[in-house]
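Remarks on the structure that follows.
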Amino acid sequence: MGKKPRMDTNQHELGGTTEYTENTEVGFGGLVGDIREIISQARSLTRRSVNSLQVISNYLIGKRLVDSEPKGKERAEYGKETLKQLSAELTQEFGKGYSATNLEYMRKFYRTYNPCIKMIPQTSPEISKGQKPQTVSEELIVARIGQTLSAQLPLSWSHYLFLMGISNAGERRFYEIESANEGWSLRELKRQFNSSLYERLALSKDKEGVKKLSEQGQLVEKHADVIKDPLVLEFLGFEEHHRYSETELETAIIDKLEHFLLELGKGFLFEARQKRFTFDEEHFFVDLVFYNRLLRCYVIIDLKIGELKHQDLGQMQMYVNYFDRYVKLDDEQPTIGIVLCKKKKDSLVEITLPEGANIHATKYQTYLPDKETFKKQLEEAQAEWEATHEDFSAVKSKGGTTNEHE
């Protein structure tokens, strides 16, 4: 490939830093040349993983495509035709992966993630003296900004293709953070999305809590943070109306323990099944015993395949008391008890358990939930919270009180 001619440059802002890109008037030849150079340089950086290289080069290609777009009404038609021609050129030289559809995904990728990228200024001696670079490629060198991009775009291209299909920015950011922090494969990301993990966690939080989910992912700071309601156990292979015993349910969970730990959430370690302890010469058996290393406490689970009864909660209270008094160490946190049941009445749980109890009744279901139903429930819960918050603010501004007993 011959030496590229000098090009005029326009200065613009990207992620808070100044970069120079080719003026769109240079034409299609310059666009092909720049993208060809991005791909060639990305392929030459053998020290980086293949996934990271693909994400970095696709982001830069998307950036170059957006930069090349003219202003005005002809933009859409220009983009469609340009992608067709560009696809033919790149496919001929680099092979598969550069169809018009894929190039459109790259452009969408840049538009979606550019607002989140914080670029480290990459200045050269020429630029610091106020001189423009000779060619566009000098400011598009993958080696210059690859490290910055790979740190902020840590997932695979397949992950980002799926994430771009999530329209809610907060929800998309949540799954992006959790995928990176927990090392989710694409299959696990899809499973967590289809099981409505974001909505299930958000339903138990106020508006600020939902905002934190979007900004920081799932935080485990107190025992209530590790409780999901419901748990989705579709991986056990039971149909919605399948008949099974508590022993069969327990055995299926142990057989799929890795999946069950992922569904439980962060920090869980498995210790035992049918953990026996003896009190007053009577033997008792706890179905499943876990330890949460983030909370530093035992988490014990009792399985009930029918509707929850107050006796089930009383039994769990006894189990928790035993672990707190005879099993946990002095520097460990109080034990958490979970009764995993098919059906429950919240009013029964509320009247049976004391306030602040470390015992929770959680429903489970053996099929994937209706995601739209969860979304509707979340919207209703947020609207109710906002209405309550507004009422509280109105009373407070008038010097009143929201306490009905005062």
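The values are calculated or read from the model by the stated rules, or taken from the named source; none is laboratory data. Because the structure is a prediction, the values reported are computed rather than measured. Backbone-built Cβ (ideal geometry, glycine too); neighbour counts: all protein chains shown. The accessibility values were calculated without ligands, DNA or RNA, using every heavy atom of the protein model including side chains. Shrake-Rupley method; radii C 1.70, N 1.55, O 1.52, S 1.80 Å.
Listed by position, the strands (runs of 3 or more DSSP E) contained in region 271-350 that have at least 2 residues being hydrophobic (A, V, I, L, M, F, W, C) and touching a His at 6+ places or on another chain (Cβ under 6 Å) are 336-343. Across region 241-263, the number of residues qualifying as without any contact (Cβ under 8 Å) to a residue 60 or more places away in the chain and of a type in the set (Gly, Ala, Ser) comes to 1. For region 169-200, enumerate the residues that are loosely packed, with under 15 Cβ neighbours inside 10 Å and in a loop (DSSP other than H, G, I, E, B). Of everything in region 169-200, those that are loosely packed, with under 15 Cβ neighbours inside 10 Å and in a loop (DSSP other than H, G, I, E, B) turn out to be Gly183, Ser185.
Could you grab the pairs with beta carbons closer than 7 Å, sequence gap of 6+ or different chains, first residue in region 79-99 and more than 18 Å from Lys63 (Cβ to Cβ) and of a type in the set (Asp, Glu), second one part of a helix (DSSP H, G or I) and open to solvent by 30 Å² or more (accessible area, probe 1.4 Å)? Here the result reads Glu93/Arg36, each pair linking region 79-99 to a residue that is part of a helix (DSSP H, G or I) and open to solvent by 30 Å² or more (accessible area, probe 1.4 Å).
This table checks each residue for (1) open to solvent by less than 60 Å² (accessible area, probe 1.4 Å); (2) among the charged types (D, E, K, R); (3) modelled with pLDDT of 80 or more.
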{"residue": "Ala202", "(1), (2), (3)": "yes, no, yes"}
{"residue": "Lys207", "(1), (2), (3)": "no, yes, no"}
{"residue": "Gln216", "(1), (2), (3)": "no, no, yes"}
{"residue": "Lys222", "(1), (2), (3)": "no, yes, yes"}
{"residue": "Pro230", "(1), (2), (3)": "yes, no, yes"}
{"residue": "Phe235", "(1), (2), (3)": "yes, no, yes"}
{"residue": "Glu239", "(1), (2), (3)": "no, yes, no"}
{"residue": "Thr247", "(1), (2), (3)": "no, no, yes"}
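Filtering region 288-308 to residues that are open to solvent by 10 Å² or more (accessible area, probe 1.4 Å), in contact with a Cys (Cβ under 9 Å, 6 or more places away or on another chain) and farther than 20 Å from Asp255 by Cα leaves Gly306, Glu307. Among the residues of region 164-178, the one identified as within 13 Å of Val55 (Cβ to Cβ) and touching a residue at least 24 places away in the same chain (Cβ under 8 Å) is Met164. Given the condition out of contact with any strand residue (DSSP E or B) (no Cβ under 8 Å at 6 or more places or on another chain), open to solvent by less than 50 Å² (accessible area, probe 1.4 Å) and without any contact (Cβ under 8 Å) to a residue 60 or more places away in the chain, answer yes or no: does some residue in region 264-287 qualify? Checking region 264-287: at least one residue is out of contact with any strand residue (DSSP E or B) (no Cβ under 8 Å at 6 or more places or on another chain), open to solvent by less than 50 Å² (accessible area, probe 1.4 Å) and without any contact (Cβ under 8 Å) to a residue 60 or more places away in the chain.
Taking the conditions (1) hydroxyl-bearing (Ser, Thr, Tyr); (2) free of Cβ contacts under 8 Å to residues at least 12 places away in the same chain; (3) part of a helix (DSSP H, G or I) in turn, Ser214 satisfies each one other than (2). Among the residues of region 367-406, which ones are acidic (Asp, Glu) and modelled with pLDDT under 55? Asp391, Glu404, Glu406, listed by residue number. Would you say Thr123 is out of contact with any strand residue (DSSP E or B) (no Cβ under 7 Å at 6 or more places or on another chain), at pLDDT 50 or above and of a type in the set (S, T, N, Q)? Criteria not met by Thr123.
Can you pull out every residue in region 201-211 that is among the hydrophobic types (A, V, I, L, M, F, W, C) and outside any helix (DSSP H, G or I)? Hit for region 201-211 is Leu203, nothing else.
Every condition in (1) under 30 Å from Glu178 (Cβ atoms); (2) open to solvent by 40 Å² or more (accessible area, probe 1.4 Å) is met by Val339 except one, and the failing one is (2). Scanning for something hydrophobic (A, V, I, L, M, F, W, C), open to solvent by 50 Å² or more (accessible area, probe 1.4 Å) and at pLDDT below 85, does region 348-359 turn up at least one residue? No: region 348-359 contains no residue that is hydrophobic (A, V, I, L, M, F, W, C), open to solvent by 50 Å² or more (accessible area, probe 1.4 Å) and at pLDDT below 85.
Considering only residues in region 33-87 that are acidic (Asp, Glu) and at pLDDT below 75, the one that is nearest to Leu186 (Cα to Cα) turns out to be Glu77.
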